[in-house]
1. Determine, yes or no, whether residue 558 is open to solvent by less than 50 Å² (accessible area, probe 1.4 Å), within 16 Å of ligand 2 (Cβ to nearest atom) and of a type in the set (S, T, N, Q).
2. Looking at residue 550, is it crowded, with 17+ Cβ neighbours inside 10 Å, among the aliphatic types (A, V, I, L, M) and either away from ligand 2 (no atom under 16 Å from the Cβ) or free of Cβ contacts under 8 Å to residues at least 40 places away in the same chain (or both)?
3. Could you please give the count of residues in the range 218-235 that are farther than 18 Å from residue 177 by Cα and either open to solvent by less than 10 Å² (accessible area, probe 1.4 Å) or touching a helix residue (DSSP H, G or I) at 6+ places or on another chain (Cβ under 9 Å) (or both)?
4. Can you list the strands (runs of 3 or more DSSP E) found entirely within the range 390-498 that contain at least 1 residues being within 16 Å of ligand 2 (Cβ to nearest atom) and within 30 Å of residue 325 (Cβ to Cβ)?
5. Please work out if residue 412 is of a type in the set (S, T, N, Q), under 16 Å from residue 551 (Cβ atoms) and more than 15 Å from ligand 1 (Cβ to nearest atom).
6. Any chance you could count how many residues in the range 551-586 are more than 15 Å from residue 238 (Cβ to Cβ), more than 16 Å from ligand 1 (Cβ to nearest atom) and either out of contact with any strand residue (DSSP E or B) (no Cβ under 6 Å at 6 or more places or on another chain) or part of a loop (DSSP other than H, G, I, E, B) (or both)?
7. Could you list all residues from the range 415-426 that are more than 11 Å from ligand 1 (Cβ to nearest atom) and open to solvent by 10 Å² or more (accessible area, probe 1.4 Å)?
8. Taking residue 197 as the residue in question, decide whether it is open to solvent by less than 10 Å² (accessible area, probe 1.4 Å) and either of a type in the set (D, E, K, R) or over 23 Å from residue 320 (Cα atoms) (or both).
Amino acid sequence: MSNIKVMDENLANKIAAGEVVERCFNVVKELVENSIDASSKTIEVNLLDSGVKEVAVLDDGIGMDREDAKLAFQRHATSKLKTLDDLFHLDSLGFRGEALPSIAAVSLVELKTSKNGVGTYLRINGGVIEEVSSCDLEQGTTIRVQKLFYNTPVRLKYLKNLYAELAVITDYMNKMALSYPNIQFKLTNNDKELLHTQGDGNLLKVIYAIYGVDVAKKMIALNDQDDDYVISGYISYPEMARSSRNVITTLVNGRVIKNNELNRVILDAYHTYIPKDRNPIVVLNIDVDPILIDINIHPQKMDIKFSKFEELKELIYQAISKELKKALLIPHASVRDMRTYYEIEDSLPDVSFSSSSPKEDVITTTEPITEIQFNFEETTQNDIGEEKEEETRIKEMFPIGIVHKTYIIAENDDGMYLIDQHAAAERYNYEKWLEKLREDHHEQTDLLVPLRLEYPKDDYIKILERKDILKDIGIDIEEFGEHSFIVRSHPTWFKEGYEKDAIQKIIEIVLEKGEFQKEKFLDRTAATLACRMSIKANDYISLEEAKKVLDDLRTCENPFTCPHGRPTIIAYSNYELEKMFKRVMD
Ligand code: ZN
Ligand code: ZN
């Protein structure tokens, strides 16, 4: 190749680099995926200054001979990806061949690689191969990318945003570790360890390495299948929910995908168990014959279409709902510091870096695995079922007082409980009324004074259109004048004094934008009415009434959270009480 030709190619690489390699993250991704393609069992990524100063990737994969090594840095030399199908047959991670020359064009690259015991050393500066020689590497590939973007104006932009860059890289490495539990991943930045997995194939251990022991202890194994799909993975107890969306990881045939609709199904299954703005920690693997999926890939994101999508969604929804029902327990007050789980979690460093404040200590997994009593054996579904079912039942509780007209203090032989009187009553009414709303026949009571409701013209028309929805739940509206209605009766279960409020609220829900879905509408209605027509915080109730709230709560299908996902009850076992007062030592 003549010098002139090399210069041209180099220029082309530099231009292309702007598109393919925009940031340190792209470099890490490319190199790590090369390592995976090379069948590595260990992949170590060491960054200096989030990768701006240096990205080093060390693996123990199959390596390259001298010719391959040189070719790897030439454009279009190694387009491994032949068809899109290859991607999901998992031989290759795609998009090879473009990125390496681009990376080399904007940095100083040092490569050591070994094939059949013969080591090769390569130094490429700004896209120009400066040195090719032998080296004594035994196995695998070590690649060091330094001074990234040193010869382009892009560099400045990144120097300002090191923390954000590290966040993206860490998130990516976490997802790779979850995708490949059989590979040992290590990530450091300026010698600080951010991730270290064992690579022994145990997904729960990967979750432990990423999220720490508290989360790993609170994960439930998920396994289910239908004719076309096999789903597996782990879902967290509701109290482990995080504010970051990043904690939901979905894999298809072992590859991370992003699909908002699947995320929504997962959140739906957690509906009423966790607050709206929170997300459960979920690692969901979907195994499917590649024939049943259609993949559309861009370098930045991946779009995937499933055939029999409705069946898949139902499978996921049912599997998660079933496990949650089996596993739900009362949150126990933390003896350590008496805060609720939500607060404890908020004070932990967020692995996914959703907060913008720079933190040095990003992930704390310092507790050695041997010190905690925690079994990483994959629990079979039966184990969980039997063990938890026993604990799920709430024993009868006896109220002994009410704090701030809001929290019922109760006791039984097992310990002491704090119950949020509104949340508890709300949960009971929500479940009861949802059942009522679902009935076909509705007993009605006449209003003493018929209710006249007036609406702006557009709302009026919409209400008329959706009149049958109201009729279906026992509210008959009659047109009355130009844009008003008369309501003469209502379902008997409406709380006295709240009839007008209830009807108006329901009509508001009917008027909500979006496609009408019956089950969602009934759910919203039950939750809204339960919130408005239940005992409230600051309502005075007697101990007898408190007892009824407690007894009602025990009959609920999910007594542990209100319909908005807040806890109804916090438990202090006798042992925990004794520990708090130092009557017992550990
Ligand atoms: Zn409420
Ligand atoms: Zn609530």
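The values are calculated or read from the model by the stated rules, or taken from the named source; none is laboratory data. Small disclaimer: the values here were computed from a predicted structure and weren't measured. Cβ atoms come from the backbone with ideal geometry, glycine included; neighbour counts cover every protein chain shown. Accessible surface areas use protein heavy atoms only, side chains included; no ligands, DNA or RNA. Shrake-Rupley method; radii C 1.70, N 1.55, O 1.52, S 1.80 Å.
1. On the way: open to solvent by less than 50 Å² (accessible area, probe 1.4 Å): yes; within 16 Å of ligand 2 (Cβ to nearest atom): yes; of a type in the set (S, T, N, Q): yes.
It is true that residue 558 is open to solvent by less than 50 Å² (accessible area, probe 1.4 Å), within 16 Å of ligand 2 (Cβ to nearest atom) and of a type in the set (S, T, N, Q).
2. On the way: crowded, with 17+ Cβ neighbours inside 10 Å: yes; among the aliphatic types (A, V, I, L, M): yes; either away from ligand 2 (no atom under 16 Å from the Cβ) or free of Cβ contacts under 8 Å to residues at least 40 places away in the same chain (or both): yes.
Criteria met by residue 550.
3. Just the residues of the range 218-235 that are farther than 18 Å from residue 177 by Cα, to begin with: 218, 220, 222-231.
If we keep only those that are either open to solvent by less than 10 Å² (accessible area, probe 1.4 Å) or touching a helix residue (DSSP H, G or I) at 6+ places or on another chain (Cβ under 9 Å) (or both) as well, we get 218, 220, 222-229, 231.
The total comes to 11.
4. Because the criterion is at least 1 residues that are within 16 Å of ligand 2 (Cβ to nearest atom) and within 30 Å of residue 325 (Cβ to Cβ), the strands (runs of 3 or more DSSP E) in the range 390-498 that meet it are 407-412, 415-420.
5. Details: of a type in the set (S, T, N, Q): yes; under 16 Å from residue 551 (Cβ atoms): yes; more than 15 Å from ligand 1 (Cβ to nearest atom): yes.
So residue 412 fits the description; yes.
6. Count: 15.
7. If the condition is that a residue be more than 11 Å from ligand 1 (Cβ to nearest atom) and open to solvent by 10 Å² or more (accessible area, probe 1.4 Å), then 416, 417, 418 are the ones that fit.
8. Judged against the criteria, residue 197 is a match.
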